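Below is one structure; the comments refer to it alone.
The values are calculated or read from the model by the stated rules, or taken from the named source; none is laboratory data. Note that the structure is predicted; figures quoted are calculated from it, not measured. Here the Cβ is made from the backbone with ideal geometry for all residues, glycine too, and neighbour counts use every protein chain on show. For the accessible areas, the whole protein counts, side chains as well, though only heavy atoms, and no ligand, DNA or RNA atoms are used. Shrake-Rupley method; radii C 1.70, N 1.55, O 1.52, S 1.80 Å.
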Amino acid sequence: MRSHFVRHKAFQVLGALLLLSFVPVFSVPASAAGYSRRIAIAPFASLTKEDIGATVSVLPRLLASRLMALAGADVVLLPADGKAPEAAAKEAKVPLLLQGTVSKLGKGYSVDTTVTDLETGKTAGAFFAAAATEDDIIAQLGVLSGEISEKLFGVQGAIRATAPPASAGASSAPVMVPVPAGIPSIGGAPAVAAQAPPPAPVPATLDEGWTPSSIKKVGQSDKIADEIYGVVAGDVDADGNGEVLTWGRNTIYVYRVKGTDVLPYTRISRGVQNHFLNVDAIDLDGDGKKDLVVTDREGDRMVSFVLLRKGDGFAETPGRFPYHLAVLRGWNGKNVVAGQRQGNSEPFQGKIYAMKWDGKVLSEGEPLPLNTSILPVSAGGVYSLSPAVLGSDGQWLYVDVEEKLRVLGAGGKSVYRSKDTFGAASDRFEYGEFSRLEGRRPFFVLRRPPRWISGPKGASLVLVTEVRKGLVSNALGSFESSRVVLLQWEGGGFSERAGSPKSDLFFSGVDLLPPGKMRRGSRAIASVIEEAGSAFKEKASQLVLLRVE
């Protein structure tokens, strides 16, 4: 059973009553042109004497990811196997077929595309873009995707602006471009290396005189048809470009951040009996790339597992672990996986251990110096726990059952408790003895951990979600507004340094890109639930890219 936010539920019930009170006399088409957002893209053809095959061959994949991000399109990539594109597209049962060419015009290039309505055989639209250089061809896909999204799919305000061309002398190393999630590739065409312009640089030096003052939205992903409960940074570079991961009940979504684009990459799904309670990223095998540790439940059993990085994807290891797993960043100067065993009356009970990885399985190492028999950890366990250096002391951050931000001493005793609510729960699960009176097991909620950050001049900062409570509560707590805030520890408590605008949507998690140090222009990624699942509306979420200024 999944709880719903009270505010949304009230509007949904009212909407259902209104729907039952009126009989519609007309229907709205799926888009401005009347086309559903389902399209096949054929391999592009090169009409140049130059050898630009590597760039041309990757254009369908890049265009597909942009149409998914801008318009939520369902895209099928057709293979270059000799079959007529029209026949292959009809076999894929999509209504539209896009075909494209790249031509050389003087010193520049022209990228031309036509879209055919397969039912009528007529042209549904023709679109083109001009590129000054071979590198600029890829950048001009922003123009094409914006035009197609507006003219065919009725998505108004699609971003047409393209990235500036790379400056002279800038590096343009080959970038492997895999098939994004949700794009079925008929025939399994391989990823191709293409020359991509570098993203606009972010200042690389720490401005010691800078003080954070605001958090602004600079980008967002496409809609995710799910409730997503948190977000973590995967492999990202110093500018915050790379991989981010978010998850719903039984699906992990992998997205790629490049500049201000947040684009789908792949996804990892399990059956409906699974319930992901936490997903975290850490380099377990020492290869320099982050692997995933996933806390999973199947019914009443804890069956957490590890996904090791293999090439551009992940491979599950054979082991299963009866622990709630979480990554503690910077504990004793390094990142460690912490684990707490499945309990009886509580989902997770007993000591919290620093887990050991032997290349195949995780096992208990040394216990953390936390007294798990006293509040607040005794009522919450390892989830929402995060190490922090506040001043010169190593302490712990924690979100308690009332969603108050706490600072714990080295042994786990609370030394500070906030007045406001942070790290609010976005997910819950049933666990324990069945109650005949209530017809269910007790509910336990999951709260997201705060993120400690080293700031300018050695400041101790904390990035966390803030939630203003509403007047009516349910198991997860209703809310009036939510946002992302940056707090600073000043010896006896926290003061706010920066915050994003208040939203009536639910911020379910946030992480810094990359984790660790804050500087001018640092970016963060937040998970946002726009619509909780219900009998009246579908689930909807998205990832939001933020910049600290």
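Data for the structure
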| quantity | calculated |
| --- | --- |
| Whole-number D in µm²/s for the range 225-348 (Stokes-Einstein; Kirkwood sum over Cα pairs; 25 °C, 0.890 mPa s) | 162 |
| Taking only Cα atoms of the range 335-433, radius of gyration then Dmax in Å | 14.2, 44 |
| Length released on extending from Ala87 to Val218, taking residue separation times 0.36 nm less the Cα-Cα span | 43.0 nm |
| Kirkwood hydrodynamic radius over Cα pairs of the range 275-353, then Stokes diffusion coefficient at 20 °C and 1.002 mPa s, in µm²/s | 163 |
| Inverse mean reciprocal Cα-Cα distance (Kirkwood Rh) of the range 214-273, Å | 12.4 |
| Cα gyration tensor, the range 409-497 - rounded (a/c under 1.5), prolate or oblate | prolate |
| Percent of Cα-Cα distances greater than 15 Å, calculated over the range 348-395 | 55 |
| Trypsin sites (Lys or Arg not before Pro) within the range 54-86, DSSP loop, no more than 15 other Cβ atoms inside 10 Å | Lys83 |
| Cα-based shape type of the range 281-408, given that a ≥ b ≥ c are square roots of the gyration tensor eigenvalues and the cut on a/c is 1.5 | oblate |
| Within the range 390-488, GluC sites (Glu not before Pro) in DSSP loop having at most 16 other beta-carbon neighbours inside 10 Å | Glu402, Glu433, Glu438 |
| Whole-angstrom gap from the range 36-95 to the range 260-314, using each part's C-alpha centre | 30 |
| Solvent-accessible surface (1.4 angstrom probe) belonging to Lys517, in square angstrom, nearest 10 | 150 |
| Calculated FRET efficiency for the pair Asp504/Val415, C-beta based, R₀ 41 Å, to 0.05 | 0.75 |
| Reduced Cα scattering model of the range 51-144, Debye log10 I(q)/I(0), q = 0.18, 0.19, 0.22 Å⁻¹ | -0.88, -0.98, -1.24 |
| Where labels lie 7 Å past Cα in the beta-carbon direction, separation of Asn250 and Ala459 in nm | 4.5 |
